[in-house]
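The values are calculated or read from the model by the stated rules, or taken from the named source; none is laboratory data. Just so you know, these numbers come straight off a predicted model, no measurement behind them. Note that we place each Cβ from the backbone using ideal geometry, even for glycine, and neighbour counts take in every protein chain shown.
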Amino acid sequence: MMEHAGEKTVAMQLRPASSSASLVRTTISTLGKDLRLEWRSKDALNAMLFFALLVVVIFSFAFEPTAEEARRITGGLVWVAFLFSSTMALNQSWARELRHQSLDAFRISGAPADALFLGKAIGNFIFVALLEAIVAPLFVVFFNLTIAQGAGALLWVFVLGTWALVVNGAFFAALSLRTRSRELMLPLLLFPISIPALLAMVSATSAILTGEDSPTLGLQFLAVYDIVFTTVCLSLFETVLHAE
Amino acid sequence: MPLLTLENVSKLFGRFAALRNFSVTADPGRLYGVFGENGAGKSTLLRIIAGLARPTAGTLRFSPAGPRLGYMAHASMLYDELSAMENLRYFASLCGIRDKRRLEGAIASVGLDPSLERRVGDYSQGMRQRLALARAVLHDPELLLLDEPFSNLDPDSAAAISKLMSGWRDAGKTLLVVTHQAAHLQTIADHSWLLRGGELAAQGTGISALSAGAA
């Protein structure tokens, strides 16, 4: 017999037989579902792409940098554009779960909460990476950049940096789900916590573009940041998911 | 022994009491009608039993512990951009169900065509309602919580859903059915509760709680 009273968490105790659903299988299901939803609606991708293209064009006309200046400032511009754009995808991916209370169906299913988080984080990683694959070459063209050396390191900066954005973004977007102004709340929560990662992304990217410094320290910092925040977000997500 | 026991369950939203000292029991293999005006606390009651809301005070007990729960809310809990089969395949995966025939059977049981490739967003309200019901029973729940299952249904569809509920009850499931359309439960409800202002105003066999509460 099971009993609970007052403030004790109910959802955690009502796990039906579906608790056997494995983390990997549910993560893949959630990811597949999110990719299919986005492929059909293209809500997040269109909004992100439009915003990022605007940033590229506006920055390019606003600054009109020389080749030397462009190499110094592009790291900052690129990552600010991707940070702002990613919030659109993150908000959209959770808004879908609220539209018809589908999230409640997940909550009572007994499926592992971590799977939902990982599915969302990986899905958003793919969306933002796709955006970067389209927009980054435009930065190269508009700012007249050459990436003769360090392309491999730059790829690592993008992979680690993007994960840093989406892992915290997926967590804080879930945290702000039940707030009245969740679209405003996400940047308020996400941007401050992303500043250390953002500085590392910018310094590593600038180091590669200028060739004046090594990106190693920035990459190492990003790797540690990713591990720490992925662990923290995973350990707290179940509480966030079942919070009222 | 009751499958579900609620003892003095209260739920406060700020100063507003959605439920006040609510105490009932529900036996296995019985169908309970839950009636009351808007804001009486019916949906809150189902959300607490489903584990989606925490009671502010009181005790909720299941025996045996952790029964499989099926929950159908006001909202469809479905994704508009997916087809019926894609929706059910996803929710089935959450419960570890991979048998395609079971999904097809669940869709067919509520009178929908499993091969229909239309997106759920293009469905009528009634079709969506029936698919939501199929989702709720997909994992063969022991306790089924249904919030307004007859809304948006034409009379024939509502009668078919009533018949389905009766069959589930006969198969040993416990059903708690919140509805404003008590007539659909007239011949199948074993027991009923009437809520008023978050309190249990009346209860009785069949749908007699309604008339007892009016007296």
Does the stretch B:100-108 contain at least one residue that is within 9 Å of chain A (Cβ to nearest Cβ), assigned to a helix (DSSP H, G or I) and over 18 Å from A:P112 (Cα atoms)? no
The residue that is surrounded by the fewest Cβ atoms within 10 Å (Cβ to Cβ), considering only those in the stretch B:162-188 that are in contact with a strand residue (DSSP E or B) (Cβ under 9 Å, 6 or more places away or on another chain), part of a helix (DSSP H, G or I) and of a type in the set (A, V, I, L, M), is B:A182
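Would you call A:S203 farther than 26 Å from A:A44 by Cβ and in contact with a helix residue (DSSP H, G or I) (Cβ under 6 Å, 6 or more places away or on another chain)?
Yes; evaluated as a whole, the condition is true for this residue.
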Here are some conditions: (1) touching a residue at least 12 places away in the same chain (Cβ under 8 Å); (2) assigned to a helix (DSSP H, G or I); (3) buried (at least 17 other Cβ atoms within 10 Å of the Cβ). A:V80 meets all but one. Which one does it not meet? (3)
Quick one: count up the residues across the stretch B:83-99 that are within 13 Å of another protein chain (Cβ to nearest Cβ) and in a helix (DSSP H, G or I). 10
Does the stretch A:202-214 contain any residue that is surrounded by fewer than 18 Cβ atoms within 10 Å (Cβ to Cβ) and either among the aliphatic types (A, V, I, L, M) or under 28 Å from A:L98 (Cβ atoms) (or both)? no
A:A129, sole failed condition from (1) surrounded by fewer than 19 Cβ atoms within 10 Å (Cβ to Cβ); (2) modelled with pLDDT under 95: (2)
Given the structure, is B:D147 modelled with pLDDT of 90 or more and within 19 Å of B:L175 (Cβ to Cβ)? yes
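Yes or no, residue by residue, for (1) more than 9 Å from chain B (Cβ to nearest Cβ); (2) in contact with a Leu (Cβ under 9 Å, 6 or more places away or on another chain); (3) closer than 26 Å to B:A75 by Cα:
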position: A:R99; (1), (2), (3): no, no, yes
position: A:S102; (1), (2), (3): no, yes, yes
position: A:R107; (1), (2), (3): no, yes, yes
position: A:A113; (1), (2), (3): yes, yes, yes
position: A:K120; (1), (2), (3): yes, yes, yes
position: A:G123; (1), (2), (3): yes, yes, yes
position: A:V128; (1), (2), (3): yes, yes, no
position: A:L131; (1), (2), (3): yes, yes, no
Residues of the stretch B:90-103 that turn out to be of a type outside the set (S, T, N, Q) and crowded, with 17+ Cβ neighbours inside 10 Å, as a count: 8
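In the stretch B:58-101, which residues are among the hydroxyl-bearing types (S, T, Y) and closer than 30 Å to B:L12 by Cβ?
Of everything in the stretch B:58-101, those that are among the hydroxyl-bearing types (S, T, Y) and closer than 30 Å to B:L12 by Cβ turn out to be B:T59, B:S63, B:Y71, B:S76.
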Looking at A:L175, A:L184, A:L189, A:L155 in this structure, which one is of a type outside the set (D, E) and either within 14 Å of chain B (Cβ to nearest Cβ) or touching a residue at least 60 places away in the same chain (Cβ under 8 Å) (or both)? A:L175
Selection from the stretch B:35-82 of residues that are assigned to a helix (DSSP H, G or I), charged (D, E, K, R) and either at the interface with chain A (Cβ under 7 Å from one of its Cβ atoms) or closer than 20 Å to A:L103 by Cα (or both): B:R47
Got at least one residue in the stretch A:220-241 being over 25 Å from A:P65 (Cα atoms) and in a loop (DSSP other than H, G, I, E, B)? no
Quickly run through the stretch A:226-244 and pick out the residues that are of a type in the set (S, T, N, Q) and surrounded by 16 or more Cβ atoms within 10 Å (Cβ to Cβ). A:T230
Identify, please: which residue in the stretch A:167-201 is of a type outside the set (A, V, I, L, M, F, W, C) and in contact with an Asp or Glu (Cβ under 9 Å, 6 or more places away or on another chain) and is, among those, surrounded by the fewest Cβ atoms within 10 Å (Cβ to Cβ)? A:R178
Quick one: would you say B:L46 is over 16 Å from B:L144 (Cα atoms), touching a residue at least 12 places away in the same chain (Cβ under 8 Å), in contact with a strand residue (DSSP E or B) (Cβ under 8 Å, 6 or more places away or on another chain) and of a type in the set (A, V, I, L, M, F, W, C)? no
If a residue has to be among the acidic types (D, E) and on the phi > 0 side of the Ramachandran plot to count, how many in the stretch B:134-188 make the cut? 2
Of the candidates A:S86, A:S60, the one satisfying the condition of being assigned to a helix (DSSP H, G or I), within 24 Å of A:S235 (Cα to Cα) and either within 14 Å of chain B (Cβ to nearest Cβ) or among the small types (G, A, S) (or both) is A:S86
Restricted to the stretch B:104-123, and to residues that are surrounded by fewer than 19 Cβ atoms within 10 Å (Cβ to Cβ) and in contact with a strand residue (DSSP E or B) (Cβ under 8 Å, 6 or more places away or on another chain), which residue is modelled with the lowest pLDDT? B:L116
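If I go through the stretch B:149-161 residue by residue, how many of them are surrounded by fewer than 17 Cβ atoms within 10 Å (Cβ to Cβ) and of a type in the set (S, T, N, Q)?
Counting residues in the stretch B:149-161 that are surrounded by fewer than 17 Cβ atoms within 10 Å (Cβ to Cβ) and of a type in the set (S, T, N, Q) gives 2.
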